[in-house]
Amino acid sequence: MAILYALVARGSVVLAEFSGTATNASQIARQILEKIPGAQDSHASYSQDRYIFHVKRTDGLTVLCMADDTAGRRIPFAFLEDIHQRFVRTYGRAVLSAQAYAMNDEFSRVLSQQMEYYSNDPNADRINRLKGEMSQVRNVMIENIDKVLERGDRLELLVDKTANMQGNTFRFRKQTRRFRSNVWWRNVKLTVALVVLLLVIVYVVLAFVCHGLALPSCIK
């Protein structure tokens, strides 16, 4: 899974979060929330080891995700934009006064579903390519997490690679089943086409034979 963790927060108050693997990313995410400067709208990316924390802050609402560095920037920021729109559309002005984790029971499922979609569905990137890259994303520089967290405060990022491998295995099996299904349907279509062709040939041969047998009677 390219996107492993995500949260939605107002300031440093986490309203909903979800983790797709065993990790302490939530602790590091809270440190980032407390340290990111200013209150104006912004986009930022902070790297730690081979993972990147992508942050989008709009109208006081912060959406953050941790992704594998191979995911690039376009997909994680498309995910953050999608989550921001869904959250605001669902809860409106309630986000301004909600208590910590007030939306977690309901919205963590949305985070899980969209993380899966943006991590594994090729259409997620295809649709975003058609829309064009957001200009803000093109200007986002990926900075080391030390930019916001002092070395003494920074926690070591722990990610359960076994869970990631299990997720990759599941996706491989899913893709294998899809491939086998496509091959099966292709074989069915080919078989049907051959049967139809054979029937046409038999019909033509029978018609020719019957026509040939009918000729002597016509001559007489």
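The values are calculated or read from the model by the stated rules, or taken from the named source; none is laboratory data. On a predicted model such as this, the values are computed, not experimentally measured, just so you know. Heads up, the Cβs are rebuilt from the backbone with ideal geometry, glycines too, and the neighbour counts pull from every protein chain shown. These area figures cover heavy atoms from the full protein model, side chains too; ligands, DNA and RNA do not enter into them. Shrake-Rupley method; radii C 1.70, N 1.55, O 1.52, S 1.80 Å.
Let's test the formula: R0 of 35 Å, r as the Cβ-Cβ distance of residue 120 and residue 206. What FRET efficiency results, to the nearest 0.05?
Plugging the Cβ-Cβ distance into 1/(1 + (r/R0)^6) gives 0.05.
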### Query
Roughly to the nearest percent, how much of the accessible area of the stretch 1-85 is carbon and sulfur, given a 1.4 Å probe?
47
### Task
Within 10 Å, count the other beta carbons around each residue, average over each peptide in 88-96, 53-61, and list them highest first.
53-61, 88-96
### Task
Using 0.36 nm per residue of separation minus the Cα-Cα distance, give me the extension gain between residue 187 and residue 30 in nm, one decimal.
51.2 nm
